[in-house]
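Some notes on the structure that comes next.
The values are calculated or read from the model by the stated rules, or taken from the named source; none is laboratory data. Please read all numbers here as calculations on a predicted model, not as lab measurements. Positions of Cβ are generated from backbone atoms using ideal geometry, with glycine treated the same way; all protein chains shown enter the neighbour counts.
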Amino acid sequence: MMRQLRVTMPRRTRAQAQAKAHVQEHVQEHVQEHVQEHVQEHASRTARIALRLGAALGLCLSLGLPAFGQTCNGNPLSYWVEMLGDMAPSRQFQAAYALAQCGAGAASTLPALDKALRDQGTDLRPRIAIARAILLIDRSSPADDIIDYLSGVVQGEQQVWAREAAIEALGAAGPRACSAAPLIRAAGNTSIGSTQLKVHMALQNIGPC
């Protein structure tokens, strides 16, 4: 009967293996601790940045300034706000028209629009466009003062283009312009086809009153 040979590991080799395993375990623990610390530090840094950005955004909105990073029609909101303050009526009109297209996304520009609307130096064409922009951007407020202003243009302005622009702006107010519906309807009693069209569209947008 053959004797089975039992291979035994020399003591030195066994000690080396144990030492190697111990080192590997120690390294793994160290790496895990380092990774966890790094993740926690990164999360904490991200949270601090988010808080700062939120505070900055809140400050912008509270001061009536356009929030950083917000764009409208391919340009930052600050670009259009700066254009609103331009002395050239055509540039003010362009800014108001662009902001109106952005709707609620341009809410932070409302203080600048309101200021331009009440500025006595603002010409009639951009003033009407600014009033329309405010109505389209802020659809929740009654905006009685703006509706009264536009109604005055419809009733008292001799220039056809101005009356038509005011009628269109009142239509943008929707049901909020119900008080102006009789005035708009009366403005349709004309032979001017473009005015009749503006009146029809405005009354449709305002709806039954």
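Remarks
Every residue, every condition in (1) in contact with a Leu (Cβ under 7 Å, 6 or more places away or on another chain); (2) within 23 Å of residue 106 (Cα to Cα); (3) of a type outside the set (A, V, I, L, M); (4) modelled with pLDDT under 95, yes or no:
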residue	(1), (2), (3), (4)
127	yes, yes, yes, no
146	yes, yes, no, no
171	no, yes, yes, no
175	no, yes, yes, no
180	yes, no, no, no
184	yes, no, no, no
200	no, no, yes, no
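- Residue match in the stretch 137-157 (condition: within 22 Å of residue 190 (Cα to Cα) and not in a helix (DSSP H, G or I)): yes
- Those residues of the stretch 102-135 which are surrounded by fewer than 19 Cβ atoms within 10 Å (Cβ to Cβ) and in a helix (DSSP H, G or I), in sequence order: 103, 104, 105, 107, 110, 111, 114, 115, 118, 124, 125
- Residue selection: residue 141 fails the criterion of being under 31 Å from the mean Cα position of the chain (by Cα), among the hydroxyl-bearing types (Ser, Thr, Tyr) and either at pLDDT 95 or above or not assigned by TED's automatic domain parsing to the domain that holds residue 99 (or both).
- For the stretch 162-180, a tally of residues being buried (at least 18 other Cβ atoms within 10 Å of the Cβ) and more than 16 Å from residue 128 (Cα to Cα) returns 1.
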